[in-house]
Amino acid sequence: MEELKTKISPEAFANIQKWLNDEEFAGYKDEIENMIKSQNWKDLDDAFYTRIRIGTGGIRGKIGVGPNRINLRTIGEAAQGLANFIEDFGQDAKDKGVIVSHEVRKYSKEFAELTCAVLGANGIKTFLFDGIRATPEVSFAVRHLKTIAGVQLTASHNPRTDNGFKFFWTDGGQVVPPLDQKFMQLVLNVTDIKNMSFEQAVKYGLVETIGKEV
């Protein structure tokens, strides 16, 4: 670790230490250790020096391990940030629910199911499409089913190595100022992610499958 400390930024080193030693990141330990063994210092530094930033309507970036990559942890943080965002609008907003959808990119289905589980653990019902959908269908579904929000797991026009979490508000459009700044701050402030398994969320009626009828 002493060599690593000299090869990357102090911010990246601190985050790597956290991801290696905190139990909540245990699933990433082997991958991080392999990256260190390969001595790919540039990639390591880029993956860990900061948390991924919220852009237009959500987060998107390269899939991989670290707080500056798209993975189960950063998607979970985005979902928890959205849950906290909705919480501020009261119980009526939570009762309206959230559309969740995904496209064809790697891990999109897993990320969609995680989003449903995190929102469910926060008492927010989700409406999950039964398969791959294009992004405009999410915008339509939000308005058609009168939900409070919608999420598409996509990286938009980014390379196929990327993925992301795109967030739509109750009008079917991407969240705009000043609400986008509020969402950004809520995501960056997430330290704990409420969660249950996707199967539990389905069992408790917190996930409803929607199909071609929508």
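How many of the residues making up the range 87-111 are within 19 Å of THR74 (Cβ to Cβ) and either surrounded by fewer than 24 Cβ atoms within 10 Å (Cβ to Cβ) or out of contact with any strand residue (DSSP E or B) (no Cβ under 7 Å at 6 or more places or on another chain) (or both)? So that I can check it myself, show each step before the final result.
Kept after step one, since they are within 19 Å of THR74 (Cβ to Cβ), are these residues of the range 87-111: 98, 100-103, 105-111.
Cutting the leftovers down to either surrounded by fewer than 24 Cβ atoms within 10 Å (Cβ to Cβ) or out of contact with any strand residue (DSSP E or B) (no Cβ under 7 Å at 6 or more places or on another chain) (or both) gives us 103, 105-110.
The total comes to 7.
For the range 99-140, filtering for residues that are polar (S, T, N, Q) and in contact with a helix residue (DSSP H, G or I) (Cβ under 6 Å, 6 or more places away or on another chain) leaves 4. Could you please find all residues in the range 184-214 being at pLDDT below 95, outside any loop (DSSP other than H, G, I, E, B) and in contact with a helix residue (DSSP H, G or I) (Cβ under 6 Å, 6 or more places away or on another chain)? LEU186, VAL187, listed by residue number. Residues in the range 37-45 include none that are closer than 19 Å to SER197 by Cα and either of a type in the set (Asp, Glu) or outside any helix (DSSP H, G or I) (or both). Looking only at the range 52-87, residues that are more than 16 Å from GLN152 (Cα to Cα) and either among the basic types (Lys, Arg) or part of a helix (DSSP H, G or I) (or both) come to 8 in all. Of the residues making up the range 53-108, just one is over 23 Å from ILE32 (Cβ atoms), without any contact (Cβ under 8 Å) to a residue 24 or more places away in the chain and polar (S, T, N, Q), namely GLN91.
Consider PHE165 carefully, then state whether it is farther than 19 Å from LYS62 by Cβ, in contact with a strand residue (DSSP E or B) (Cβ under 8 Å, 6 or more places away or on another chain), open to solvent by less than 30 Å² (accessible area, probe 1.4 Å) and in contact (Cβ under 8 Å) with a residue 40 or more places away in the chain.
Numbers: farther than 19 Å from LYS62 by Cβ: no; in contact with a strand residue (DSSP E or B) (Cβ under 8 Å, 6 or more places away or on another chain): yes; open to solvent by less than 30 Å² (accessible area, probe 1.4 Å): yes; in contact (Cβ under 8 Å) with a residue 40 or more places away in the chain: yes.
For PHE165, the condition - farther than 19 Å from LYS62 by Cβ, in contact with a strand residue (DSSP E or B) (Cβ under 8 Å, 6 or more places away or on another chain), open to solvent by less than 30 Å² (accessible area, probe 1.4 Å) and in contact (Cβ under 8 Å) with a residue 40 or more places away in the chain - is not met.
When the range 1-13 is filtered for residues that are open to solvent by 60 Å² or more (accessible area, probe 1.4 Å) and within 18 Å of THR50 (Cβ to Cβ), the ones remaining, listed by number, are LYS5, LYS7, PRO10, GLU11. Only one of the numbered conditions (1) touching a Cys at 6+ places or on another chain (Cβ under 6 Å); (2) surrounded by fewer than 14 Cβ atoms within 10 Å (Cβ to Cβ) is violated by THR126, and that is (2).
The values are calculated or read from the model by the stated rules, or taken from the named source; none is laboratory data. In this text, all values refer to a predicted model and were calculated from it rather than measured experimentally. All Cβ positions, glycine included, derive from the backbone under ideal geometry; neighbour counts span all protein chains shown. Note: areas computed on protein heavy atoms with side chains; ligands, DNA, RNA excluded. Shrake-Rupley method; radii C 1.70, N 1.55, O 1.52, S 1.80 Å.
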